[in-house]
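Each remark here refers to the structure printed beneath this line.
The values are calculated or read from the model by the stated rules, or taken from the named source; none is laboratory data. These numbers come from a predicted model, not from an experiment. Don't worry about glycine lacking a Cβ; one is built from the backbone with ideal geometry, like all the others, and counts go over all protein chains shown. Calculation scope for accessible area: heavy atoms of the full protein, side chains included, ligands and nucleic acids excluded. Shrake-Rupley method; radii C 1.70, N 1.55, O 1.52, S 1.80 Å.
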Amino acid sequence: MYNILSKINLAPNIHLFKVEAPNVARKAQPGQFVIVRVDERGERIPLSIGGWDREEGSVTIIFNEVGRTTSKLAAVPEGGSIANFVGPLGLPAHIDKFGTVVCVVGGYSVATIAPVIRALKEAGNKIITIIRTPTRETLFGDEQLRNISDQLKIVTGDISFDCDGFVIEPLKEILENETVDRVITIGPACVMKLVSSTTKLFGIKTIASLNPIMIDGTGMCGVCRVIVGGETKFACVDGPEFDAHQVDWTTLLARRCTYSGDVQSTVQYQCTTCAQW
């Protein structure tokens with residue numbers, strides 16, 4: 001059993017857990033994830049690692065409460081425990097001195113991208129971060145990212161912050177006025193697709209952290225397969241980071257929404273997760 005050392009509600013339906021998992025904390029790297037199971041009868045769910053403390057032996061996870069399993073996880077009290085916490089899984093993020101890096105994030109990814117940005121900053125990169133949040137009430141993690149970014153833009157569905165609208169407008173403005181060497185995007189799949197389409201016009205290398213349906217997290221089940229550069233890859237062992245310009249987004253989006261109840265066809269669909277973007 002893995003103890004919940006602390007529990008914080010960051011925003012409506014967004015929760016942060018600090019979990020006692022010394023073996024995971026000892027090996028964790030930016031960009032990796034864990035597979036969590038609340039109890040012996042629960043389903044496995046992949047969650048990105050939002051931070052760790054090797055001395056304390058703790059790992060931080062952030063998740064969005066959207067269904068039965070995440071609701072069950074959210075109901076675990078501070079001081080309680082969960083059955084399984086397996087990791088770290090996936091390949092670590094590629095960290096190097098690229099130059100100027102733009103990070104486009106939203107949802108609970110605002111917190112999980114922090115270790116990646118911190119490592120990129122330590123490697124000597126200039127970091128420009130764009131956060132998309134529907135309203136002021138749903139914003140969280142901005143102060144943490146402001147402290148580790150050279151520039152932070154907050155885009156919202158109302159007029160609370162820097163920009164009113166979608167992430168593409170401020171992204172285009174940055175790409176037109178800055179020499180950008182790399183873009184990293186983490187968030188809803190349809191948003192990452194639009195970010196990828198935008199950066200492709202500028203010829204800028206773009207990395208997307210993919211979030212397909214996943215079960216075992218070790219490459220055995222094959223559920224998380226994605227098509228990248230015309231080849232089948234498994235997000236759990238070959239990713240989660242991939243060249244966004246090589247991803248078959250149409251197939252990924254159709255598979256991602258398989259169980260959402262909103263699929264209209266393999267191409268035309270409405271993703272409720274992304275509607276607020």
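Please go through region 113-128 and pick out each residue that is open to solvent by 10 Å² or more (accessible area, probe 1.4 Å) and small (G, A, S).
Of everything in region 113-128, those that are open to solvent by 10 Å² or more (accessible area, probe 1.4 Å) and small (G, A, S) turn out to be A119, A123, G124.
Just give me the residues in region 206-228 being outside any strand (DSSP E or B), in contact (Cβ under 8 Å) with a residue 40 or more places away in the chain, open to solvent by 10 Å² or more (accessible area, probe 1.4 Å) and not aliphatic (A, V, I, L, M), in sequence order.
N211, P212, D216, T218
Restrict the check to region 105-112 and report whether at least one residue is crowded, with 20+ Cβ neighbours inside 10 Å, among the aliphatic types (A, V, I, L, M), out of contact with any Lys or Arg (no Cβ under 6 Å at 6 or more places or on another chain) and more than 25 Å from I8 (Cβ to Cβ).
No - not one qualifying residue is present in region 105-112.
Return yes when I148 is open to solvent by less than 20 Å² (accessible area, probe 1.4 Å), under 30 Å from E169 (Cα atoms), touching a strand residue (DSSP E or B) at 6+ places or on another chain (Cβ under 8 Å) and not small (G, A, S) and no when it is not.
No: the conditions fail for I148.
If you check I131, I62, which single one turns out to be free of Cβ contacts under 8 Å to residues at least 40 places away in the same chain, crowded, with 18+ Cβ neighbours inside 10 Å and outside any loop (DSSP other than H, G, I, E, B)?
Being free of Cβ contacts under 8 Å to residues at least 40 places away in the same chain, crowded, with 18+ Cβ neighbours inside 10 Å and outside any loop (DSSP other than H, G, I, E, B) holds for just one of I131, I62, which is I131.
If the requirement is being at pLDDT 90 or above, out of contact with any strand residue (DSSP E or B) (no Cβ under 8 Å at 6 or more places or on another chain) and open to solvent by 20 Å² or more (accessible area, probe 1.4 Å), which of these qualifies: R26, R41, R37?
R26
Within region 142-153, track down each residue that is closer than 20 Å to A208 by Cα and either part of a loop (DSSP other than H, G, I, E, B) or within 16 Å of the chain's Cα centre (by Cα) (or both).
The answer is L145, S149.
Return the pairs, sorted by first residue and then second, in which the second residue is open to solvent by 60 Å² or more (accessible area, probe 1.4 Å), the first residue lies in region 1-25 and is part of a loop (DSSP other than H, G, I, E, B), the beta carbons are less than 6 Å apart, and the residues are 6+ apart or on different chains.
Close Cβ pairs (under 6 Å, with a partner that is open to solvent by 60 Å² or more (accessible area, probe 1.4 Å)) amount to A21/Y2.
How many residues are surrounded by 20 or more Cβ atoms within 10 Å (Cβ to Cβ) and in a loop (DSSP other than H, G, I, E, B) when one looks only at region 90-104?
2
Could you pull out the residue among G87, G50 that is at positive phi and either surrounded by 21 or more Cβ atoms within 10 Å (Cβ to Cβ) or touching a helix residue (DSSP H, G or I) at 6+ places or on another chain (Cβ under 9 Å) (or both)?
G87
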